[in-house]
Structures are given as C-alpha cells and as structure tokens.
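Asker: Take this structure first; my questions come after.
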Amino acid sequence: MEIRKLLFIFSIDILLIFGFTTCAVFGISSNGNKSAQSGDYLSYEVSNVNFDNYNYFFGLNSYGNTVITIYGKPPARDTEEQKDRWNSTLEELSSKTKATLASKYMYPHGEVVTCGANTKGYFVILFKYGNVDESLMNEIYAQIDNSAREMSIYDIPVEFGYGTYYRQKIPLSDGLREYEFGRSIENLSESDIQIIEEYMMQKHESVYKGGDIANYGTIPLLKDKNEHDAWVHKMMLIFHHIRGKLDSYMDKGQISSYAYGSTRLEVGIPQNLSYEEKTAIAKESYQVIDGEARKENVTDVPVAFKSVGNLYNATETDDLRPIEETNLSSSEDKSAVELNNSNNNTDTNNSESDNGSSSGENESSKNNATPGFGLLGSLACLYGGWKLRKK
C-alpha cells in the first residue's frame with residue numbers, strides 16, 4: 001500500500017494576494033544593437049527557468065532574469081573548447097571591469113547587482129529593478145567595451161537585464177546579524193557597509209539549479225516584494241491544483257516529487273528511467289500543469305524537470321524532514337510547517353533550521369527525518385511545498 005506524506009512550508013509573511021502584475025520591460029536599441037522585450041525570451045533562446053544558463057562572476061545570484069536589451073554579437077563558438085575559451089575570456093573581462101563597476105555602479109550605491117555570462121556567449125549585467133535607463137546602460141557598456149578593446153575584443157556582446165533577488169541576505173561583521181537585500185543602509189555602520197561592498201565583489205556558489213530534463217515556461221518580471229509574494233501565492237495555488245492531477249504519475253512511478261517555489265515549480269522524475277521516457281513524461285505532465293495554471297490566469301507557467309534518485313521510496317515508518325540548504329535562511333526568514341500523513345498525524349521533532357522554523361496554526365510544529373532527504377537541496381527553488389512519493 002502506498003502512503004503519501006505532504007509537506008508544506010509557508011513563509012509567514014507571504015502576502016496572500018490573488019493577482020500579480022507582469023510588466024513589460026522597455027526595449028532599447030542603441031547603435032544598431034538588438035533589443036529584447038521580456039516576452040521575447042523564447043526567440044532569444046535563453047530560458048530564465050533554467051538557472052544553469054547563467055554563470056555569475058560576482059555579485060548576488062539571480063533566480064529568474066528578465067532581459068532589457070542586448071548589445072553586440074557573440075563570436076562563433078562551434079566546439080566545446082571554443083565555448084570554454086570564450087567563457088574564460090568573459091571571466092577575465094569581469095576581473096578587469098570589477099573595480100570600475102564596484103566603485104561607480106555596484107549595489108548598494110548603484111543599480112548593478114550581478115556580473116556574469118550566459119550560454120549564448122553574452123557578458124551579463126543585472127540590475128535591481130528601479131532607476132535604470134538607456135543612458136546608464138550606454139555608460140556601463142562603454143566602460144566594458146573599453147576594457148574589452150584592451151583585450152583585442154571588439155563589439156563585445158553584453159546582455160543587460162533585471163535579476164530576481166527574493167529576500168537574499170548578507171552576513172554582517174558580528175556574524176549574528178544579516179542585511180536583507182533591498183533594505184536601506186542608512187542605519188548601518190561604515191564597517192557593515194564595507195562588508196556589503198566586499199560581498200558584492202565576490203563570487204557565490206549557486207544553490208538552485210536548472211532542470212536537466214526540461215525547462216518550460218518563463219519566470220515573469222517581479223518588480224518588488226509585493227509582486228514576488230503574489231507570485232509565490234500563485235505558485236502555491238497551482239501546486240494545490242495539480243496535487244490530484246499528478247497522483248497517477250506518482251502511482252506509476254513516473255514522478256517522484258513536485259514542489260512550488262518562489263519563482264517556479266519543480267518536478268522530480270526517477271533517474272533510472274531512460275532519457276526518452278523522462279522527456280516524454282515531462283512534456284505530458286507539463287500540459288497538465290499548464291492547464292491547471294491557466295485556471296489561475298498564469299500562462300507559460302515556469303516548471304523545471306529534474307532527475308532524482310530513489311530516496312523517496314522509504315519504508316512506512318520513515319518520517320520526513322527538510323534539511324536546510326546552504327542559504328535557506330536567505331530565502332525564508334520564518335516558516336510554518338504542516339506535515340500530513342494519509343494514515344495519521346504525528347508529533348515531530350525540532351527542525352535543524354537555523355532560521356527558527358516554527359509552527360503556524362497547526363499541530364505540526366516539529367519535523368521528522370528521512371535518511372538522505374538533505375539531497376533535496378539539489379532540487380530546491382526556495383521551496384514552499386513538497387509532494388513526495390513514498391512506499
């Protein structure tokens with residue numbers, strides 16, 4: 001007999017807003033450069049649902065970019081060796097431009113938050129949403145272009161865009177406090193501001209990965225916390241809609257897990273299936289998810305499909321506990337945990353989460369453990385809920 005356990009983690013400060021606004025981003029054409037609107041992501045061929053399409057050299061990691069405009073054109077890169085060599089060149093360019101970007105344009109004193117590259121061969125500059133215009137991008141492009149010319153690179157390809165930095169935090173000097181991205185720095189000491197400046201000049205490992213099977217849909221531009229909270233709520237509602245629809249796939253062992261997060265949904269497919277089987281399941285189940293998403297007026301719903309192991313096939317007596325990821329505290333300050341067992345409700349043990357995960361208005365204020373559940377970190381996307389297959 002199959003028993004399913006359903007784990008929800010809800011942020012206590014999520015605004016339960018039933019709508020969200022997807023704003024068009026202005027396109028800019030400068031000196032014959034191609035411009036891209038937010039809706040042109042598919043024609044541009046860089047999925048913002050697949051986080052592996054971006055490699056960040058310094059600044060905060062973004063999880064869902066919106067293109068503003070692109071300058072220049074990447075060189076031909078037909079072999080993996082050529083791609084690797086070009087990526088190394090762009091990383092070298094980032095080192096040459098870092099000091100200038102940090103001193104004049106970098107957050108917290110400027111609008112630039114991230115510097116990196118994408119799989120199309122573009123040098124990437126990401127801003128926080130706000131005071132970004134054509135003159136600013138032209139000015140930054142000129143700085144990058146000058147550094148590139150010193151490396152004998154002409155018409156350097158650069159993508160400018162908005163990043164998604166939902167509730168990311170930076171540890172401060174005493175190690176006990178954290179600065180949340182986007183908040184005022186007026187009350188911070190000079191030493192704390194210096195720490196933020198230094199942090200923004202460093203490379204930070206990306207926790208959330210793209211789907212190795214398929215990545216469908218588009219993450220919309222989320223301008224502020226209110227819009228992001230509204231989007232999270234949409235993801236939660238869609239998650240509830242698909243619960244019954246995807247159960248048949250779980251019964252047949254075609255899907256191991258699915259979850260909603262702060263920017264997208266993720267679906268885990270058993271890794272022991274063939275590539276053809278995985279892609280077929282992803283394509284078919286996405287149609288189901290997309291149909292339910294449209295009921296919430298969400299089109300082109302973002303979903304990442306990943307290969308997962310068999311850690312879900314635990315025994316009936318095994319319990320579930322989410323092991324906190326490296327930066328879970330940066331994505332969820334506090335959360336309420338509800339653990340439902342199809343047979344019974346049980347009291348659970350305290351979570352190891354550093355961010356003080358606590359009970360909401362239900363009895364499940366504590367968590368239990370499943371061996372290997374920490375591997376779910378590779379599946380995570382600031383998760384708000386999990387549905388797991390369990391034997």
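Asker: Hey, does the stretch 182-194 have a residue that's among the β-branched types (Val, Ile, Thr) and crowded, with 17+ Cβ neighbours inside 10 Å?
Answerer: No, that holds for no residue.
Asker: Right, residue 214: touching a residue at least 60 places away in the same chain (Cβ under 8 Å), surrounded by 20 or more Cβ atoms within 10 Å (Cβ to Cβ), more than 15 Å from the chain's Cα centre (by Cα) and not assigned by TED's automatic domain parsing to the domain that holds residue 293 or not?
Answerer: In short, yes.
Asker: Mind checking which pairs have a first residue in the stretch 258-284 that is under 24 Å from residue 207 (Cα atoms) and a second that is modelled with pLDDT of 95 or more and basic (Lys, Arg), Cβ under 6 Å, 6 or more apart or different chains?
Answerer: From the stretch 258-284, the pairs are 268/306; 269/278.
Asker: Six or more apart or on different chains, Cβ under 8 Å: which pairs go from a residue in the stretch 82-102 that's farther than 15 Å from residue 125 by Cβ to one that's among the charged types (D, E, K, R)? Could you list them?
Answerer: Qualifying pairs under 8 Å: 83/77; 86/77.
Asker: Right, next: Going by the structure shown, is residue 161 in a strand (DSSP E or B) and under 30 Å from residue 92 (Cβ atoms)?
Answerer: Criteria met by residue 161.
Asker: Looking at the stretch 168-200 only, could you name the residues that are assigned to a loop (DSSP other than H, G, I, E, B), under 19 Å from residue 130 (Cα atoms) and not hydrophobic (A, V, I, L, M, F, W, C)?
Answerer: 168, 182, 183, 184, 186
The values are calculated or read from the model by the stated rules, or taken from the named source; none is laboratory data. Just so it is clear, the structure is predicted and the values come from calculations on it, not from any experiment. Cβ: placed from backbone, ideal geometry, glycine included. Neighbour counts: every protein chain shown.
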